[in-house]
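Here's the structure, in structure tokens; my notes come after.
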Amino acid sequence: MPELPEVETVVRGLRAALPGRTITGLRLGKTDFIADVARLERELPGARIEEVRRFGKFIGVRLSTMGPGNGSRPSNWLLVHLGMTGQFVVCRPDSPERRHTHVWLALDNARELRYTDVRRFGQMRVADAGELLGFLSRLGSEPLEVPFDGFRAAIARRAMIKALLLDQRVFRGLGNIYTDESLWRARIHPRRLGALLTEPGLRALYTAVRRVLADAIRLRGSSISDFVDSAGSPGDYQRRHRAYGREGKPCFRCGAKIRRVIVAGRSSYFCPRCQRAPRARARDKHRL
């Protein structure tokens, strides 16, 4: 599933291509991932694209439209979640159409914005300013913006650190890839409790999360299966993975074989030597 670096990569590409453009037409295929099809059909055609932003794993496109008497109306937002296989690409209208393309937005500069999603686990909806605020209130902090004190307070809970990092109500945008990479870099086992991390451990994790995300954004994300940027090009960070997906391969740091366990319902990859498992109470030993 595209995570913060992949979504940021797409947003940066869209930000270079879309602001100032007007949506001149809309064509839809399958629509089961769209929250309100009629609202989408009503609000998008004729709207001007003002800006493109990222909200965690969501792409936000701010739209302005003219009301009666050519007066401007309050802005709406087109919110898009790429799900597991979603792609949001700007191309020429005569470009070959990929299978499973479901949304075509014609633009006033002879370009087309297409949404493609093989598994249709993505989401698309139109939201006004109030709905956007309500949506954002349910998300946690941006991990690249939160200060250390806020980071420490957010994970000072008796829950496994991997589960806390994955929880979008704690930090928005982190997913399985970059939590594993950050925990490996910080030498923290994914099942260690957040409330029991030492001060040096907290600082190491804070630094690791920020560095991993920044490096992944610089390399335009990880293309493991379907991810491409807004121009249809894959990312390159998958070549830098140190833990994620490397079960049975030697740790780049110590040579021990990377292991995989299930944490918070997700596969978690770690080095058993560099990332020591927490001591378990007798009744919990079978879980480690």
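The values are calculated or read from the model by the stated rules, or taken from the named source; none is laboratory data. Small disclaimer: the values here were computed from a predicted structure and weren't measured. Using ideal geometry, Cβ is built from the backbone for each residue, glycine included, and neighbour counts are taken over all protein chains shown.
So that you can scan it fast, the table gives a plain yes or no per residue for (1) modelled with pLDDT of 95 or more; (2) touching a Ser or Thr at 6+ places or on another chain (Cβ under 9 Å); (3) farther than 26 Å from E199 by Cβ:
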| site | (1), (2), (3) |
| --- | --- |
| E131 | yes, no, yes |
| G134 | yes, no, yes |
| S141 | yes, no, no |
| L144 | yes, no, no |
| T179 | yes, yes, no |
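Considering (1) farther than 20 Å from P2 by Cβ; (2) in a strand (DSSP E or B), the lone condition that R39 does not fulfil carries the number (2). If you filter region 132-156 down to residues that are surrounded by 15 or more Cβ atoms within 10 Å (Cβ to Cβ) and over 27 Å from D215 (Cβ atoms), you find that the one that is nearest to the chain's Cα centre (by Cα) is F135. Against the definition (within 26 Å of L136 (Cβ to Cβ), in a loop (DSSP other than H, G, I, E, B) and among the aromatic types (F, W, Y)), how does F252 come out, yes or no? Here the answer is no, as F252 does not meet what is asked.
Identify all residues within region 129-188 that are of a type in the set (D, E, K, R) and either assigned to a loop (DSSP other than H, G, I, E, B) or touching a Phe, Trp or Tyr at 6+ places or on another chain (Cβ under 7 Å) (or both); write none if there are none. Quick ask: steps written out before the conclusion?
Residues of region 129-188 of a type in the set (D, E, K, R): 131, 138, 142, 145, 149, 152, 157-158, 162, 167, 169, 172, 180-181, 185, 187.
Passing the criteria: R138, E142, E145, R157, R158, D167, R169, R172, D180, E181, R187.
Scanning region 119-144 for residues that are closer than 26 Å to Q275 by Cα and among the charged types (D, E, K, R) turns up just one, E142. Just to be sure, is A195 free of Cβ contacts under 8 Å to residues at least 12 places away in the same chain, part of a helix (DSSP H, G or I) and farther than 30 Å from M124 by Cβ? No; evaluated as a whole, the condition is false for this residue.
Yes/no matrix, rows are residues, columns are (1) surrounded by 19 or more Cβ atoms within 10 Å (Cβ to Cβ); (2) at pLDDT 95 or above; (3) not aliphatic (A, V, I, L, M):
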position: P2; (1), (2), (3): yes, no, yes
position: V11; (1), (2), (3): yes, yes, no
position: L18; (1), (2), (3): yes, yes, no
position: T31; (1), (2), (3): no, yes, yes
position: I49; (1), (2), (3): yes, yes, no
position: G56; (1), (2), (3): yes, yes, yes
position: I59; (1), (2), (3): yes, yes, no
position: N76; (1), (2), (3): yes, yes, yes
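Please verify whether region 96-117 includes one or more residues that are outside any strand (DSSP E or B), within 20 Å of G56 (Cα to Cα) and touching a residue at least 24 places away in the same chain (Cβ under 8 Å). Give the steps one after another, and end with the answer.
Initial filter on region 96-117 (outside any strand (DSSP E or B)): 96-100, 108-111.
Next cut, within 20 Å of G56 (Cα to Cα) only: none.
No: zero hits.
Looking at region 203-215, is at least one residue in contact with a strand residue (DSSP E or B) (Cβ under 9 Å, 6 or more places away or on another chain) and not hydrophobic (A, V, I, L, M, F, W, C)? If you could, list the steps in order and put the result at the bottom.
Applying the first criterion (in contact with a strand residue (DSSP E or B) (Cβ under 9 Å, 6 or more places away or on another chain)) to region 203-215 yields 209.
Still in the list and also not hydrophobic (A, V, I, L, M, F, W, C): none.
No, region 203-215 contains no residue that is in contact with a strand residue (DSSP E or B) (Cβ under 9 Å, 6 or more places away or on another chain) and not hydrophobic (A, V, I, L, M, F, W, C).
Filtering region 224-258 to residues that are modelled with pLDDT under 95, surrounded by 20 or more Cβ atoms within 10 Å (Cβ to Cβ) and among the hydroxyl-bearing types (S, T, Y) leaves S230, Y237.
Take the conditions at pLDDT 95 or above, surrounded by 14 or more Cβ atoms within 10 Å (Cβ to Cβ), small (G, A, S) and under 19 Å from L4 (Cβ atoms) and apply them to A159. Does it pass? Spell out the reasoning first.
On the way: at pLDDT 95 or above: yes; surrounded by 14 or more Cβ atoms within 10 Å (Cβ to Cβ): yes; small (G, A, S): yes; under 19 Å from L4 (Cβ atoms): no.
No; evaluated as a whole, the condition is false for this residue.
Would you confirm whether or not region 75-91 contains a residue that is outside the structural domain of R172 (by TED's automatic domain parsing) and over 30 Å from L144 (Cα atoms)? Yes, region 75-91 contains a residue that is outside the structural domain of R172 (by TED's automatic domain parsing) and over 30 Å from L144 (Cα atoms).
Residues in region 1-51 that are among the aliphatic types (A, V, I, L, M), more than 25 Å from R99 (Cα to Cα) and more than 15 Å from the chain's Cα centre (by Cα): A16, A47, I49. Here R211 meets each of (1) in a helix (DSSP H, G or I); (2) crowded, with 24+ Cβ neighbours inside 10 Å with one exception, condition (2).
The numbered conditions (1) closer than 16 Å to C274 by Cβ; (2) in contact with a Ser or Thr (Cβ under 8 Å, 6 or more places away or on another chain); (3) not in a helix (DSSP H, G or I) are all true for S225 except (1).
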